[in-house]
Amino acid sequence: MKQPPTIRIIVPTHGRPDDLAIFLGALVPQVRDRSNVRLTIVNDGTHDGAYEQVIAPHKTLIDYRIRPERGGCGAARRTGAQGVSEDYIVTSDDDCVPPPYWVAQLVALVERHPEIDVISGLRYFIPSKNPGVVERYFTATHGAFGVARSDHGIIRIATPTAVIRRETYERAGGFAPEFKVGEDTFLTLKLFEAGASFLVADTWLTGHKAGQTLREIGR
């Protein structure tokens, strides 16, 4: 009997234990009974008692890694990928809320497209309980988004919901630790240079907090 592909989901977090608790509440039930899917959380320089309480109920299911100092998105994602042996690396964010079908759809995608190296889904804004004018505008107008394209193809995968073949990731050099932001665009370029094949899965969606201000949305 053919074994299912193995998957490692990697999620960085920084100063948002409450958001991480929501994320884990949505994702852990989806991976609990899947021996082929593992979850790594990387705390980027903000581990404290609040994070201890969030992680404690899930300790047996999570590979929890702590960076003593903040390195930014590139360094945190790279830390999460170090030493993993799974067939695929999957990225997401601590302020995402994956829907109940997220992991099942992920597994189905890699099984259906074994020839593809990189699959990028999309995200949609989740409004807060008391959204302001800016948040209401972006939530209402953006729909599903996240993949940046040009006339020549994809220029940025959507790291809140993306899957990369591990061997291709390693061949491309992985996330660059010097990129505190923009690590997704740089990695996409390196993946193209490494000869990766790409697929945009328009129906593989994850929720993402919109943020109250333009600055928060920009993050």
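Okay, here's what the table says:
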| quantity | calculated |
| --- | --- |
| Residues T203 and V181, FRET efficiency given R0 of 30 Å [Cβ-Cβ distance, rounded to 0.05] | 0.60 |
| Calculated FRET value between Y124 and K2, using beta carbons and R₀ = 41 Å, to 0.05 | 0.75 |
| Solvent-accessible heavy-atom area per residue, rounded to whole Å², over the stretch 1-60 at 1.4 Å | 49 Å² |
| Extension gain, E193 back to R32 (0.36 nm per residue minus Cα-Cα distance, nm) | 54.4 nm |
| Cβ-defined net charge surrounding D94, 9 Å radius [Lys, Arg +1; Asp, Glu -1] | -2 |
| Potential extension, E167-L61 segment - 0.36 nm per residue separation minus Cα distance | 35.7 nm |
| Rounded, prolate or oblate (a/c below 1.5 giving rounded, otherwise prolate when a/b exceeds b/c) for the stretch 24-92 by Cα gyration tensor | oblate |
| Ranking by accessible area, most exposed first, for C73, C96 with a 1.4 Å probe | C73, C96 |
| C-alpha center-to-center spacing [the stretch 77-115, the stretch 14-58] in angstrom | 15 Å |
| Solvent-accessible surface (1.4 angstrom probe) belonging to Y64, in square angstrom, nearest 10 | 50 Å² |
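The values are calculated or read from the model by the stated rules, or taken from the named source; none is laboratory data. The shown structure was predicted, so the numbers you read here are calculated from the model rather than taken from an experiment. Cβ coordinates were reconstructed from backbone atoms using ideal geometry, including for glycine residues, and neighbour counts include every protein chain displayed. Each accessible area value is taken on the protein alone, full model and side chains, heavy atoms only, with ligands, DNA and RNA left out. Shrake-Rupley method; radii C 1.70, N 1.55, O 1.52, S 1.80 Å.
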